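S.K.: Sharing a structure below in structure tokens format, with a few things to ask.
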Amino acid sequence: FRNTPEIRARTEQSRRLMRLSYTVAALSLVCLLLLAVGMLGLPRETILSGADAILIDPRGRPVLQAGDQLLQHDRAGVGLEILSPAGIGLASLEHILAFDQDGALLATGLLADSQADPGATKPPALLRCSLNQPGCQLMSRELAGTRVSGLVVHPLDGTVFIADHRAGELLKLSAAGTVLARAPAPLPEQPVLRLDSGLLLVNSAGGPAINVFRYEDSAFGQQLDEISLQPPAGAAAHHHRVQDFVSLGDQWWVALADKDATTKLYRFDGSWQFNDQIALADDTRARQLTKWRHSVLVADPGRLPVQRFNAQGAAEAPLLSRLLEDLVADQQRRGQLTTLGWRIGLALAVLGMVAGYCAGSLHRVRGMVYQSCREQGAEPVDKLADNISWVPVAANRSKRLATTGRAY
């Protein structure tokens with residue numbers, strides 16, 4: 001037995017490697033915790049799977065909103081370009097609401113140069129945006145503090161009617177943005193405003209009904225009637241609110257929603273008497289009805305093809321936007337790559353922690369094995385050679401060792 005200097009140095013070397021390995025394991029554990037907290041704290045990005053809203057500009061061209069992106073199409077529904085909020089001078093885009101008589105888009109959001117107090121959240125404002133020469137500006141400074149939930153524009157004089165469901169208030173603005181009248185009104189969380197025969201129609205907050213208001217300045221907000229919608233027997237009990245409604249020809253198209261947001265589409269005549277039910281795709285969650293030429297589009301955020309029906313209620317070829325398809329595919333691809341990156345980081349952190357701990361444990365044991373001790377050579381056996389009784393080697397020794405080895 002030789003206790004050389006090289007062997008004696010192995011103890012300190014193993015201890016040094018043990019400390020290094022445990023440090024690597026500890027750092028990997030810290031990284032693992034930071035990555036886990038960071039992954040849990042990531043903002044939940046809404047995965048696009050359809051159009052959130054659809055508007056038709058004065059030239060008959062559809063504009064689709066998907067997330068905070070605007071997708072412009074020509075009159076035939078062929079995609080032209082995608083506009084981001086930054087591309088039209090916005091910091092964020094919330095909802096597109098209507099086009100005014102000049103072709104400007106009315107939407108809610110924040111201007112790119114808006115200055116908010118540190119730590120304060122600035123509510124979205126009503127904006128007027130031009131899509132031909134991208135740019136946005138405030139619709140009216142008199143609307144400060146107003147949360148625009150719904151909006152409709154008078155097609156003749158450009159008067160704007162606004163619903164603020166948080167304040168429970170209806171507002172009337174001139175085309176220039178001057179507030180002409182205000183009135184309290186019971187409003188649902190997602191108010192829908194429509195104009196018909198000199199009256200303002202708003203979906204009811206109390207159930208599947210439509211409230212009728214006057215909109216002249218002298219009697220603005222005065223409720224005249226409430227239209228209770230009566231779909232087929234057995235279906236009315238399942239509907240809790242009017243999701244949207246729009247007129248096409250002499251018919252009113254109404255989307256009624258259940259508690260789980262599943263919607264059914266019905267048609268009523270000019271006197272609001274039930275006509276028929278439109279056959280939507282299963283589990284349709286219609287967010288918006290939009291009149292496009294002589295058909296009705298049904299915007300469902302959960303479907304890429306936009307369902308389309310003609311004036312007789314028959315299904316037509318859906319509006320399928322290639323821009324929307326590409327946008328959804330690109331977002332899904334980026335989401336998958338981001339998730340993969342986080343998972344690889346977590347896996348590397350776990351691997352580093354396990355490898356560091358195992359290497360540290362190995363070198364701890366090595367340090368114990370190579371630890372110096374007071375060794376002493378054995379006494380020579382020459383004098384005892386005659387008194388030694390040697391045990392004969394078993395005949396099947398090799399076979400037994402092989403069997404034991406295979407068992408281990």
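The values are calculated or read from the model by the stated rules, or taken from the named source; none is laboratory data. Quick caveat, the model's predicted, so the values are computed rather than measured. Heads up, the Cβs are rebuilt from the backbone with ideal geometry, glycines too, and the neighbour counts pull from every protein chain shown. Areas reflect the complete protein model, heavy atoms only, side chains present, ligands, DNA and RNA absent. Shrake-Rupley method; radii C 1.70, N 1.55, O 1.52, S 1.80 Å.
S.K.: Cα axis of helix 397-407 to longest principal axis of the chain: angle in degrees, 0 to 90, nearest 10?
M.R.: 20 degrees
S.K.: Next question. Could you tell me how many degrees, from 0 to 90 and to the nearest 10, lie between the Cα long axis of helix 5-40 and the main elongation axis, the longest principal axis, of the Cα atoms of the chain?
M.R.: The angle comes out at about 10 degrees.
S.K.: Still on this structure, please answer the following. Can you compute the FRET efficiency between Ala176 and Gln223 using 1/(1 + (r/R0)^6), with r the Cβ-Cβ distance and R0 = 35 Å? Round to the nearest 0.05.
M.R.: 0.80
S.K.: In addition: Within the accessible area of the stretch 119-248, what % is carbon and sulfur when the probe is 1.4 Å and the other protein chains stay in place?
M.R.: Looking at the stretch 119-248 in its full context, I get 48 percent from C and S.
S.K.: For the stretch 66-105, what does the alpha-carbon gyration tensor say about shape, rounded, prolate or oblate, given a ≥ b ≥ c as the root eigenvalues, a/c under 1.5 as rounded, and a/b over b/c as prolate?
M.R.: It is oblate, given that a/c is not under 1.5 and a/b is not larger than b/c.
S.K.: Rank Trp252, Trp390 by accessible area, highest first, at a 1.4 Å probe radius?
M.R.: Trp390, Trp252
S.K.: In nanometres, what is the gap between the two model label sites at Ala144 and Ser92, each 7 Å from Cα along Cα-to-Cβ?
M.R.: With each label placed 7 Å out from Cα toward Cβ, I get 2.0 nm.
S.K.: Got a number for carbon plus sulfur as a percent of the stretch 262-408's accessible area, 1.4 Å probe?
M.R.: Using a 1.4 Å probe with all protein chains present, the stretch 262-408 comes out at 55 percent carbon and sulfur.
S.K.: From the P(r) of the stretch 303-408, could you give the percentage of C-alpha pairs in the tail past 19 Å?
M.R.: 80 percent
S.K.: Between Gln273 and Ala329, how many nm apart are label points set 7 Å from Cα along the C-beta direction?
M.R.: If labels sit at Gln273 and Ala329, their model points lie 5.1 nm apart.
S.K.: Taking a temperature of 37 °C and a viscosity of 0.692 mPa s, what whole-number D in µm²/s does Stokes-Einstein yield for the stretch 210-308 with Rh from Kirkwood over alpha carbon pairs?
M.R.: Diffusion coefficient, whole number: 226 µm²/s.
S.K.: Which value results when the Cα radius of gyration for the stretch 90-169 is divided by 2.2 N^0.38 Å?
M.R.: Taking the Cα Rg and dividing by 2.2 N^0.38 Å, one obtains 1.10.
S.K.: Based on the Cβ-Cβ distance from Leu20 to Leu348, what FRET efficiency comes out when R0 is 22 Å, to the nearest 0.05?
M.R.: For Leu20 and Leu348, the calculated efficiency is 0.75.
S.K.: Can you give the local net charge around Trp252? Use residues other than it whose beta-carbon is closer than 14 angstrom to its beta-carbon, Lys and Arg +1, Asp and Glu -1.
M.R.: -2
S.K.: Can you give the Rg to Rh ratio of the stretch 17-145, both from alpha-carbon atoms, with Rh computed by the Kirkwood formula?
M.R.: Value, to two decimals: 1.24.
S.K.: Here is a follow-up. Residue separation times 0.36 nm, minus the C-alpha to C-alpha distance between Val393 and Thr339: what's the value?
M.R.: 13.1 nm
S.K.: Using +1 at the C-beta of Lys and Arg and -1 at the C-beta of Asp and Glu, which of Ala175, Val24, Gln336 has the Cα lying farthest in the positive direction of the dipole of the chain?
M.R.: Of the options given, the answer is Val24.
S.K.: Might you work out the accessible area of Ser21 for me, using a 1.4 Å probe with all protein chains in place, and round it to the nearest 10 Å²?
M.R.: Here the accessible area works out near 20 Å².
S.K.: Now for a separate question. Have a look at Leu348, Gly405, Leu93 and report the one farthest towards the positive end of the charge dipole of the chain, computed about the Cα centre with Cβ charges (Lys/Arg +1, Asp/Glu -1).
M.R.: Gly405
S.K.: Specify whether the C-alpha gyration tensor of the stretch 37-110 places it in the rounded, prolate or oblate class, a ≥ b ≥ c being the square roots of the eigenvalues: rounded for a/c under 1.5, otherwise prolate if a/b is larger than b/c and oblate if not.
M.R.: Here the stretch 37-110 falls in the prolate category.
S.K.: May I pose another question? Just the number please: accessible area per residue for the chain, 1.4 Å probe, all protein chains included, in Å².
M.R.: 58 Å²
S.K.: So for each of 216-223, 98-105, 140-147 I average, over its residues, the number of other beta carbons within 10 Å; can you give me the resulting order with the highest mean first?
M.R.: Per-residue Cβ counts within 10 Å, averaged per peptide and sorted highest first, yield 98-105, 140-147, 216-223.
S.K.: Now for a different question. Does the stretch 116-213 come out rounded, prolate or oblate, given a ≥ b ≥ c as the square roots of the eigenvalues of its C-alpha gyration tensor, rounded meaning a/c under 1.5 and, failing that, prolate meaning a/b above b/c?
M.R.: Oblate, because a/c is 1.5 or more while a/b does not exceed b/c.
S.K.: For the stretch 186-292, run through the trypsin sites (Lys or Arg not before Pro) and keep only the ones in DSSP coil with at most 11 other Cβ atoms within 10 Å of their Cβ.
M.R.: Lys259
S.K.: Next up: Work the Kirkwood hydrodynamic radius out for the chain: mean of 1/r over every pair of different alpha-carbon atoms, inverted, in Å.
M.R.: 27.2 Å
S.K.: Another question, if that's okay. Counting only other residues whose beta carbon sits under 14 Å from that of Asp102, what net charge do I get with K and R as +1, D and E as -1?
M.R.: -1
S.K.: Related question: Give, in whole angstrom and from largest to smallest, the semi-axes √(5λ) of the equivalent ellipsoid of the stretch 155-278, with λ running over the eigenvalues of the Cα gyration tensor.
M.R.: That gives 27, 16, 12 Å for the three semi-axes.
S.K.: Could you please state, rounded to a whole Å, how far the C-alpha centre of the stretch 318-386 is from the C-alpha centre of the stretch 175-213?
M.R.: The stretch 318-386 and the stretch 175-213 have Cα centres separated by 64 Å.
S.K.: Where a Cα-Cα gap under 18 Å defines reach, which aspartates and glutamates qualify for Lys264, not counting those fewer than 8 residues away within the same chain?
M.R.: Leaving aside aspartates and glutamates fewer than 8 places away in the same chain, those within reach of Lys264 are Asp52, Asp244, Asp276, Asp282, Asp283, Asp300, Glu316.
S.K.: Something else: Can you figure out the FRET efficiency of Gln137 with Val212, using R₀ = 22 Å and their beta-carbon distance, to the nearest 0.05?
M.R.: So, using R0 = 22 Å, E works out to roughly 0.05.
S.K.: Report the trypsin sites (Lys or Arg not before Pro) located in the stretch 6-50 that are in a DSSP loop and have at most 15 other Cβ atoms inside 10 Å of their Cβ, or state none.
M.R.: Arg44
S.K.: Considering only the other residues whose Cβ falls under 15 Å of the Cβ of Ala407, what net charge follows from Lys and Arg at +1 and Asp and Glu at -1?
M.R.: Surrounding charge for Ala407 is +3.
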